[in-house]
Amino acid sequence: MKHFRILLTIFAISIATVALAQEKSNRVIPAVDVQKLNGSKFNTSEIKNDGKPIIINFWATWCAPCKRELNNITELYEDWQEETGVKLVAISIDDTRNMAKVAPYVNGKGWEYEVYIDPNGDFKRALGVNNVPHTFLVDGDGQIVWQHNSYSEGDEYELFELVKKLSEGQSIK
Amino acid sequence: MRIQIRNFSKLSCLLIGVLFGFNSLTGQSFQETLSKGQIRGNFQFDAQYYQEDTLIGAQDVPEKILSNGFLNLVYTNGNFSTGVRYESYLNALLGFPPGYQGSGITYRFASYTQDKLSITVGNFYEQFGNGLIFRTYEERGLGYDNVMDGVRLKYDLAKGVKLTGVIGKQRLFFEYGDGIVRGLDVDITLNDLFSKYSESKTRVIVGFSGISKYQQDLNSQLVLPENVGSFAGRININRGYFNFNGEYAYKYNDPSADNGFIYKPGEAIFLQTSYSRKGFGLVLAAKRNDNMSFRSDRTAGQQDLLINFIPALTKQHTYNLLATLYPYATQLNGEIAFQADLIYKFKKGTLLGGKRGMDILLNIATANNLDTTQLNDDATSRQGYESKYFSLGEVFFKDFNVQLNKKFSKKVTGRFTYANLVYNQDVIEGKPGAPIIYADVGIADVTYKFAQKKSLRTEAQVLLTKQDQGDWVTLLLEYSYAPHWFFAFLDQYNFGNPDPNLRVHYYNASMGYVDGGNRISLSYGRQRAGIFCVGGVCRVVPASNGLYLSVTSSF
């Protein structure tokens, strides 16, 4: 049995080596079913923005810093969109307990984001998200090029600097 | 443990087989196939150095240092995906279930999607409907993980019709539980199935599911059902800003340690409706669950081997005193709960809205016992009790809370909360004879921005009660320098404790550094005993004193 473990380890390492060597060109959004606010299913591989940058933000109605972040961005979002064409996709990880509060909160706050719910954490797991808030940046080619965990007041300015670079076709590595 | 390793080796063969097989079929080189793959994952490590502190009841820890850690690795290549998780508890942090001890691979899976069929073998998380009869999920921070180990099939039967079938055993720390869980779910989007409604503004989704469990009967006194079935039906109706979601679940007789081995069937109903438009949102919800504890081992307790998930219908608070002193978790044996949640935004330029607008959040929640009559039929039919459907029993929990959010200027933002709680400690914490706690809580949360990326957030919280440990006050100062640094100082003071010797301060200082997907934080000081909850699950954490290190990373 020990041999199998060793075999698997070697196998995993070889995959990792090749995958990481190619990292730049294949970090795409994984295809997972999430829910729209009207309850119907949506596959995350369909998250698109016409070759412009996308921000994917994981949040929850019970997460105070998450809400601070998205509420702060709301005030800047119109300008951001105008300048770069960026789209923000907010993924709520609320489960059955709080799911029904997502649409009223989003509408109540007047968010203009594209919002989906990931009630059993499938998308969260597929992207390796540990805690919320967690933000990803996707470039015009659909590659995930940056991520950030947690939120501090002012992080949104850093985020927008990166979005601007992406929209100008610059690398942010 | 042995079973697990055996499966693991089989799985590794399977993985290699699948990849090489896949390869030879398409005629690509192995290298080329692999180069399309991507690896993702995350890592977390928490360690605490403990100091004895008799004043707050922090016990001496023989190991001095305890730690929890895990690493998740997921490999995806086109329609193929596989992953493992390694977990380590050396030994588990205080407050974690004692079953977590040692290290090992606790999660591994392989999945493949071919046209309309999707196959997963190994471990998987799945939820049917609202979870009333089936939900496996994880809350790593609480040590909650009832993941399945077995096979899952998903099939798109027709446009708008999805079938999901599962079979497996559930995780119990480093092993698997006794019982076998199997089930089927059908999810039908009527607008997709019937093309003439495809353009209809009203969208209707219905679902039906069944779950059964098998566990051998080794009881010498009672004849226990070895197979226990349950089913549920649900509907979601959406039209524009309006949404209704309802589910009913029924479970056949399932004598267990939870219900005192009675043969009464269980049932649950869960209803939620919401209406929202720009600047306004309202949710009304009701729930009744009666004898709906459902585990794959009838003798299990705590949070072990739960097959289903009955959500608590109360607000999930985040402020320290509100969230960890008297939080509520669903009483699985029976409760009736209601909740109303309102959000309203006063527009800019109105009397209350002022120059920058203001919003108000109002939430009212109640949970009561069922109104039951004991039958005292232990020696005959063992139905246990009868419950009246629409009648309320003793109060378990009440929460009235209101929150105002206001931006005063470009630099100052405030959030003010008031809450009134009624908390049945006797039932919720299992402390017989403890009085019902009535508490008033006030919180002011003010953020001051010095510069675009520098800010100071202060929280002043007070909780007043005549019961339990009496009054508390909390002060938090948090300075953040985006995007990398934060520093915080926290003091919680139990100034109203009935015992003057226990009127202690819980000082805690912390700092952290964040860089992209990595986060490191360090804190030193006292941690109050409390109940930490995520989702519907709570964990009691004892008081401690010492140095705490936490490292998280996503890649």
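Given +1 at the Cβ of Lys and Arg, -1 at the Cβ of Asp and Glu and no other charges, the dipole of the range B:94-215 around its Cα centre is 260 debye to the nearest 20. Considering only B:GLY168, B:ASN253, B:ASN243, and ranking their Cα positions along the charge dipole of chain B that arises from unit charges at the beta-carbon of Lys, Arg, Asp and Glu, the one farthest toward the positive end is B:ASN243.
Over chain B, accessible surface divided per residue gives 44 Å², non-protein components excluded, 1.4 Å probe.
Need one number: % antiparallel among DSSP beta bridges in the range A:27-167, to the nearest 5.
Antiparallel bridges make up about 60 percent of those DSSP assigns within the range A:27-167.
Excluding B:THR106 itself, what net charge comes from residues whose Cβ is under 13 Å from its Cβ, given Lys and Arg +1 and Asp and Glu -1? Around B:THR106, the surrounding residues sum to -1. In the range A:79-105, the residues that give up 50 Å² or more of accessible area when the other protein chains are added, compared with the chain on its own (1.4 Å probe), are A:ASP95, A:THR96, A:ARG97, A:ALA100, A:LYS101, A:PRO104.
Within the full protein context, the accessible area of B:TRP485 is estimated at about 100 Å² for a probe radius of 1.4 Å. Rounded to the nearest Hz, the phi-derived 3J(HN,Hα) couplings of the range B:492-498 under the Karplus curve 6.51 cos²θ - 1.76 cosθ + 1.60 (θ = phi - 60°) are 10, 10, 8, 5, x, 4, x, where x marks glycine and proline.
For the range B:409-419, the Karplus equation 6.51 cos²θ - 1.76 cosθ + 1.60, evaluated at θ = phi - 60°, returns couplings of 8, 4, 9, 10, 10, x, 9, 10, 10, 10, 9 Hz by residue, with Gly and Pro reported as x.
Shape call for the protein assembly as shown from the C-alpha gyration tensor, a ≥ b ≥ c root eigenvalues: rounded (a/c under 1.5), prolate (a/b greater than b/c) or oblate? Rounded, because the longest to shortest axis ratio a/c is under 1.5. When the convex hull of its Cα atoms is viewed from all sides, the range B:433-555 shows a mean projected area of 9.7 nm². Rg/Rh for the range A:68-169 (Cα atoms only, Rh after Kirkwood) is 0.95.
Evaluating 6.51 cos²θ - 1.76 cosθ + 1.60 at θ = phi - 60° for every residue in the range A:53-64, the Karplus couplings come out as x, 10, 9, 10, 10, 8, 8, 8, 5, 9, 10, 5 Hz, glycine and proline recorded as x.
Working with all protein chains in place, sort B:ASP178, B:ASP341, B:ASP399 by solvent-accessible area computed with a 1.4 Å probe, largest first.
These residues rank, largest area first, as B:ASP178, B:ASP341, B:ASP399.
Paramagnetic label reach from A:LYS36 (point 7 Å along Cα→Cβ; backbone nitrogen cut-off under 19 Å): within the range B:204-238, residues B:204-207, B:235-238. Partner shielding of A:118-128 amounts to 5, given as the average count of beta-carbon atoms from other chains within 10 Å of each residue beta-carbon. Applying 1/(1 + (r/R0)^6) with R0 = 25 Å to the Cβ-Cβ distance of B:VAL206 and B:TYR389 gives a FRET efficiency near 0.55. Dipole size of the range B:350-413 about its Cα centre, with +1 on Lys/Arg Cβ and -1 on Asp/Glu Cβ: approximately 1140 debye, rounded to the nearest 20. Taking the Cα centre of chain B as reference, the dipole from Cβ charges on Lys and Arg (+1) and Asp and Glu (-1) amounts to some 2660 debye. Of the options A:PRO53, A:PHE136, A:ILE29, report the single residue whose Cα projects farthest towards the positive end of the charge dipole of the range A:27-167 (beta-carbon charges: Lys, Arg +1; Asp, Glu -1). Toward the positive end, the furthest listed residue is A:ILE29.
Past the 28 Å Cα-Cα mark, which pairs from A:LYS36/B:LYS315; A:LYS52/B:LYS116; B:LYS36/B:LYS169; B:LYS315/B:LYS431; A:LYS109/B:LYS355; A:LYS67/A:LYS165?
Distance filter (> 28 Å) returns A:LYS52/B:LYS116; B:LYS36/B:LYS169.
Could you compute the FRET efficiency for A:SER45 and B:VAL161, with r as their C-beta to C-beta distance and R0 at 30 Å, rounded to 0.05? Don't jump to the answer; show the numbers that get you there.
Details: r = 21 Å, r/R0 = 0.69.
It comes out at approximately 0.90.
Rolling a 1.4 Å probe over the protein heavy atoms of the protein assembly as shown, with every protein chain left in place, gives an accessible area that is 58 percent carbon and sulfur. Quick check on the range B:285-361: what does the Kirkwood estimate of hydrodynamic radius come out to from the alpha carbon pairs, in Å? This gives a value of 15.8 Å. Based on Cα contacts under 8 Å between residues 6+ apart, the range B:374-524 shows a relative contact order of 12 percent.
Rounded to whole Å, give me the distance from the Cα center of the range B:294-332 to that of the range A:122-160. One Cα centre to the other: 30 Å. Of the peptides B:507-515, B:230-238, B:185-193, the ranking by mean beta-carbon count within 10 Å, highest at the top, reads B:230-238, B:185-193, B:507-515. With the simple model of a label 7 Å out from the Cα in the direction of the Cβ, B:TYR438 to B:ASN497 spans 2.5 nm. Summarising the label geometry, the points placed 7 Å from Cα in the beta-carbon direction at B:GLU199 and A:LEU76 lie 4.2 nm from one another.
For every helix of n ≥ 4 consecutive DSSP H residues, a contribution of -39,500 (n - 2.57) applies; sum these over the protein assembly as shown, divide by its total residues, and give [θ] at 222 nm rounded to the nearest 500 deg cm²/dmol. Numbers along the way, then the final one.
Values: 10 runs with 110 residues, N = 728.
Helices in the protein assembly as shown give a 222 nm mean residue ellipticity of -4500 deg cm²/dmol.
Selection among B:TYR86, B:MET358, B:GLY183 by position relative to the dipole of chain B gives B:MET358 as farthest towards the positive end (Cβ unit charges, Cα centre).
Buried accessible surface for the A/B chain pair comes to about 6500 Å², total over both chains, computed with a 1.4 Å probe.
Computed over chain B, the percent of Cα pairs more than 34 Å apart is 51.
Computed over protein heavy atoms with a 1.4 angstrom probe, the accessible surface ordering of B:TYR155, B:TYR438, B:TYR326, B:TYR479, largest first, is B:TYR438, B:TYR155, B:TYR479, B:TYR326.
Based on Cα contacts under 8 Å between residues 6+ apart, the range A:27-167 shows a relative contact order of 34 percent. The mean sequence separation of alpha-carbon pairs under 8 Å and at least six residues apart, normalised by the residue count of chain B, gives a relative contact order of 10 percent.
The values are calculated or read from the model by the stated rules, or taken from the named source; none is laboratory data. The structure presented is a predicted model; accordingly, all values stated were derived computationally and were not measured. Note that we place each Cβ from the backbone using ideal geometry, even for glycine, and neighbour counts take in every protein chain shown. Calculation scope for accessible area: heavy atoms of the full protein, side chains included, ligands and nucleic acids excluded. Shrake-Rupley method; radii C 1.70, N 1.55, O 1.52, S 1.80 Å.
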